[in-house]
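Colleague: Can you keep this structure in mind? I'll have questions shortly.
The values are calculated or read from the model by the stated rules, or taken from the named source; none is laboratory data. A quick note: this is a predicted structure, and the numbers were derived from the prediction, not measured. Positions of Cβ are generated from backbone atoms using ideal geometry, with glycine treated the same way; all protein chains shown enter the neighbour counts.
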Amino acid sequence: MVVQTQRDDVTWYKCEECGLMFDDKEDARAHESDCDGEEPSYIQ
Ligand SMILES: [Zn+2]
């Protein structure tokens, strides 16, 4: 899930699964759709 967060008067969008931050909501959503952060049990 993407959460909105405010830092230094800038709105960021954070992927809750892996913690990545994006300054663009569409980028965050695109990332979220193929983020595997919830299942980190594959090849490291
Ligand atoms: Zn992610």
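Colleague: Restricted to the stretch 10-36, and to residues that are surrounded by 16 or more Cβ atoms within 10 Å (Cβ to Cβ) and not in a loop (DSSP other than H, G, I, E, B), which residue is nearest to the ligand (Cβ to nearest atom)? I'd like the intermediate steps shown before the answer.
Modeller: Initial filter on the stretch 10-36 (surrounded by 16 or more Cβ atoms within 10 Å (Cβ to Cβ)): 12-15, 17, 20, 22, 28, 31-32, 35.
In the following step, the residues that additionally are not in a loop (DSSP other than H, G, I, E, B) were identified as 12-15, 22, 28, 31-32.
On the way: 12: 13, 13: 11, 14: 9, 15: 3, 22: 9, 28: 9, 31: 6, 32: 6 Å.
Only one residue fits best here, namely 15.
The rows are residues; the columns are (1) at pLDDT 95 or above; (2) more than 9 Å from the chain's Cα centre (by Cα).
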residue	(1), (2)
1	no, no
4	yes, yes
9	no, yes
18	no, no
38	no, yes
